[in-house]
Protein chains: 2
Amino acid sequence: MGGVSTAERVPKQDRSRVTRQRLLEAAVACLAEHGWAGSTVSVVAERAGVSRGAAQHHFPTREDLFTAAVEYVAEERSTALRALFPGGAADRCAVVAALVDLYTGPLFRAALQLWVAASNEEQLRSRVTELEARVGRETHRIAVDLLGADESRPGVRETVQGLMDMARGLGLANLLTDDAARRERVVAQWGALLEEALG
Amino acid sequence: MGGVSTAERVPKQDRSRVTRQRLLEAAVACLAEHGWAGSTVSVVAERAGVSRGAAQHHFPTREDLFTAAVEYVAEERSTALRALFPGGAADRCAVVAALVDLYTGPLFRAALQLWVAASNEEQLRSRVTELEARVGRETHRIAVDLLGADESRPGVRETVQGLMDMARGLGLANLLTDDAARRERVVAQWGALLEEALG
């Protein structure tokens, strides 16, 4: 490919990036809707409108595809969350609501399917454990920043961690039924408790 | 069976009850360890040391067996939890720790597998939704009693609900790794915040 000019190479890289992105988004949607057992590389490739060969070129194994997909979407959502509050700490109740929102959409459903599959399948376990730790640390960092929480004060770190645990639990409560009305009341109350605790 | 005396019938009923109980406990252990896909009536019957025919006599379908199992174990755990604090509201931090403990053992793992399977399988969905609502209401009632929380005061109901959501989230955080050390610190901190909030 030595003779290919820059002008010709760039669109090809773009196409490749777009294909990768379509595969990742299709993988998360597929995992959220059909679970791990119903999510194969072929199903995702078809959903993304990409050939199976192209999918395997980007992601050699099923585990590669789905862990990359959950990580990619988690990063997209983190970026979107930071963009919601460009000036940093704003109204804490609004921040709590936005943090909880991270756990009620297709990304949480997909991640949950992956976590549960990893608890039963050895070849997924270490990868998903490592992924969960990485995504968890990043989400904690964003929460601390947006809440303007001072982690040097005793108890503040655990206060924020407990909030993120609550958000995860609210995500789980939303799995089988639409829990939005109850969730809104819980978020309002815990937002107020947090406001007091963080001072 | 008109000629069978009471003396002969009772031990048979006992045997039947013991068989049923062994099946239910084996079903929860199996679900926790192998997930829904790996949990069949045959696998559970073998684990319980019961014939497949006897298992099907007690539970005609796979859905019957596993929803009954999760409900049975949840009731057992609720009873055990109430027995821990016979005098009602004691030290609130101890109550919070005991409530969180409900979500970190094999019962939570089994229930989680069932919830996630139900999100992808129509024939499980309505049964598990109904079961989850029932168990959730009962757990909430126990939490209110043991915490001595006065739900007529504004916000108290949502404070307790958020605590149970946090407990569920802590259970999820314990799925792939042993999260006990972090959990203990979060529980201590939120126990203190709750003590303040409940007055």
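Please treat every number below as a calculation from the coordinates, not as lab data. The structure displayed is predicted, hence computed values, not measured ones. Because the Cβ atoms are built from the backbone with ideal geometry, glycine has one as well, and the counts that use them run over all protein chains shown.
Mind sorting A:58, B:57 by how few other Cβ atoms lie within 10 Å of their own Cβ, fewest first?
Values: A:58 17, B:57 13.
Exposure proxy ranking, most exposed first: B:57, A:58.
Order these by the 10 Å Cβ neighbour count, fewest first: A:73, A:135. Don't skip to the end; give the middle numbers.
Working: A:73 24, A:135 19.
If I rank by nearby Cβ atoms, fewest first, I get A:135, A:73.
Extents of region A:57-199, taken as max minus min of Cα coordinates on every principal axis and listed largest first, are 50, 34, 27 Å.
Counting Lys and Arg as +1 and Asp and Glu as -1 over every other residue whose Cβ lies under 11 Å from the Cβ of residue B:195, the net charge comes to -1. Put a plus charge on the Cβ of each Lys and Arg, a minus charge on the Cβ of each Asp and Glu, and nothing anywhere else: the dipole of region A:62-198 about its Cα centre is then about 100 debye. Taking every full run of DSSP H in chain B, the ones that stretch at least 18 Å from end to end by Cα along their long axis and average 0.5 or higher on the Kyte-Doolittle scale are B:106-120.
Using alpha-carbon pairs under 8 Å, 6+ residues apart, how would you state the relative contact order of region B:33-181 in percent? Write out the running numbers ahead of the final one.
On the way: 92 pairs, mean separation 41.8, N = 149.
28 percent.
Can you compute the FRET efficiency between residue B:151 and residue B:76 using 1/(1 + (r/R0)^6), with r the Cβ-Cβ distance and R0 = 25 Å? Round to the nearest 0.05. Spell out each step's value before the answer.
Details: r = 26 Å, r/R0 = 1.04.
That gives a FRET efficiency of 0.45.
P(r) tail for region A:1-135, what percent of Cα pairs lie past 22 Å? It would help to have the intermediate numbers written out before the result.
Numbers: 4188 of 9045 pairs.
Considering region A:1-135, 46 percent of its Cα-Cα pairs are separated by more than 22 Å.
Take each residue of peptide B:35-44, count the partner chain Cβ atoms within 10 Å of its Cβ, and average: the result is 2. Summing Lys and Arg as +1 and Asp and Glu as -1 over all other residues whose Cβ lies under 13 Å from the Cβ of residue B:62 gives a net charge of -1.
When only the Cβ of Lys, Arg, Asp and Glu is charged (+1, +1, -1, -1), the dipole of the protein assembly as shown relative to its Cα centre reaches about 820 debye.
Largest GNM mean-square fluctuation across B:21, B:189, B:113, computed for chain B with C-alpha springs under 10 Å, falls on B:189. As a proxy for reagent exposure, A:72, A:103 were ordered by neighbouring Cβ count within 10 angstrom, fewest first; the result is A:72, A:103. For residue B:185, neighbours were defined as the other residues whose beta-carbon sits under 9 Å from its Cβ, and their charges (Lys and Arg +1, Asp and Glu -1) total +1.
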